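**Q** Below are the structure tokens for one structure; questions will follow.
The values are calculated or read from the model by the stated rules, or taken from the named source; none is laboratory data. What you are looking at is a predicted structure, and each value in this text was computed from that prediction instead of being measured. A quick note on method: Cβ atoms are made from the backbone with ideal geometry, for glycine too, and the neighbour counts reach across all protein chains shown.
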Amino acid sequence: MNSNKKHPFQRDSKYFTISCYVVAVVLISIIAFRVINNWESTMKLLSAIVRVIGPYFIGFLIAYLVNPLVNFLYGHVYRDLLKIKNKKIKTACSIFSAYLIILGLIVICVSYIVPQLIKSISELITQFPDFYNRIVEWINAYVSKNPDIDADTIYDITNNYLPKMQDYLLAQLQKIIPALYGAGISLIRFFINFFIALIVSIYLICDKQRILKYMKTVSYAMLPAKEEVSGFFDIVKDCNAICKSFFIGKTIDSLIIGVLCFIFMSILKLPYAMLISVIVAITNMIPYFGPYIGAIPGCIILFIEKPMHGIIFLILIICLQSFDGMILGPRILGNSTGLRPIMILFAISCGGAIAGPLGMFLGVPIFGIISYLVDKLIDHRLQQKNMTRESEM
């Protein structure tokens, strides 16, 4: 009897793999059909999941943003400057100091910047009737100087559309201040979640070495070769470096531009300096388009208030953005994402179409990571074929 004869029910690795793929495809299809067919219940379930894991996700973001400051304080202050030897004391002091600094910045923003913003918005609301009257006066003066134009159409627009526009803008501006107070009430409601996120972020920073060690252990257990684990963590480090250099660099760059805008507007005695400078700083986080997006509302507000103020502000913004683009930005950011300008524009366009302003900001580092991973894959495939990029040029 032939001992090599295969038993009818003996497992065949080839067909077993095919069966696993078939089962996986069927399960994914069932889940997709279930999700699409019961979209409302699926969204409720996802909302519930997001509410549960939301504080932990926010805690991870806080830890990710605070960790560079903790590392800086640990290495430059408590280790090099103060010469503290005990590792636990250095870690505890670094974490405590980092969160104390951030808390101080938040207190400064709330106690100084927010009241200034509310004051500027209130002034805008009270000045809106005057803005409307000035626009009407400009139109009347233009029509009187140019009798050949169709005055009826211009007056029709003035009498019908400008009041509607004024009422709409007034209604939107009047909603801002209640929204700010509503946001304060919402912060109180979500205080527990924020407190949980804060505790989670502290634990993540405290246990980051242990977490990284555990991730390496899991990677060694799951990946077949030791070299693959090392390569995987090298890729993770590089992706983290891309995100960190972009986020930190862009934040510092935008803060500097915002502060410079406020200083120069105050020197030039331009009104609404705090409100417009905050807008400029926030929109400057979006590469390329951000500075111009932030300049538009400031130009409109100042030009209506006084045309010369609008022109001065426009010149100021052009000078600031030229300084940022040619000197400040390259020194702080460098080529942090590794993307060419056309790819940055594409990333901003796609991110804006998907998630609005937030997508315009996040699109650049995400595309930077994707571009880096694609380059690594291409290099790996060329290496397998004993080829290089230069050999194909």
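**Q** Could you tell me which numbered condition Gly249 fails, if it satisfies all but one of (1) in a helix (DSSP H, G or I); (2) exposed (fewer than 14 other Cβ atoms within 10 Å of the Cβ)?
**A** All conditions are met except number (2).
**Q** Can you tell which of Ile257, Ile354 is within 22 Å of the chain's Cα centre (by Cα) and farther than 25 Å from Ile113 by Cα?
**A** Residue meeting the stated conditions: Ile354.
**Q** Taking the stretch 196-244 on its own, how many of its residues are β-branched (Val, Ile, Thr) and more than 16 Å from Tyr64 (Cβ to Cβ)?
**A** So the count comes out to 5.
**Q** Has the stretch 104-119 got any residue that is at pLDDT 85 or above, assigned to a helix (DSSP H, G or I) and under 25 Å from Gly249 (Cα atoms)?
**A** Yes - at least one qualifying residue is present in the stretch 104-119.
Matching residues to (1) in contact with a helix residue (DSSP H, G or I) (Cβ under 9 Å, 6 or more places away or on another chain); (2) at pLDDT below 75; (3) farther than 21 Å from Leu204 by Cα; (4) not small (Gly, Ala, Ser):
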| residue | (1), (2), (3), (4) |
| --- | --- |
| Phe9 | no, yes, yes, yes |
| Asp12 | no, yes, yes, yes |
| Arg34 | yes, yes, yes, yes |
| Trp39 | no, yes, yes, yes |
| Ala48 | no, no, yes, no |
| Tyr56 | yes, no, no, yes |
| Ile102 | yes, no, no, yes |
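**Q** Testing Gly258 on (1) under 23 Å from Thr91 (Cβ atoms); (2) surrounded by 13 or more Cβ atoms within 10 Å (Cβ to Cβ), one condition comes back false. Which one is that?
**A** Exception for Gly258: condition (1).
**Q** Condition first: closer than 30 Å to Phe367 by Cα and of a type in the set (A, V, I, L, M). Now tell me which residues in the stretch 277-314 satisfy that.
**A** Across the stretch 277-314, the qualifying residues are Val278, Ile279, Val280, Ala281, Ile282, Met285, Ile286, Ile293, Ala295, Ile296.
**Q** Then there is this: State yes or no: is Phe361 under 15 Å from the mean Cα position of the chain (by Cα) and touching a residue at least 12 places away in the same chain (Cβ under 8 Å)?
**A** So Phe361 fits the description; yes.
**Q** Can you tell me which of Ile327, Ile317, Ile296, Ile342 is in a helix (DSSP H, G or I), of a type in the set (A, V, I, L, M) and closer than 16 Å to Gly249 by Cβ?
**A** Ile327
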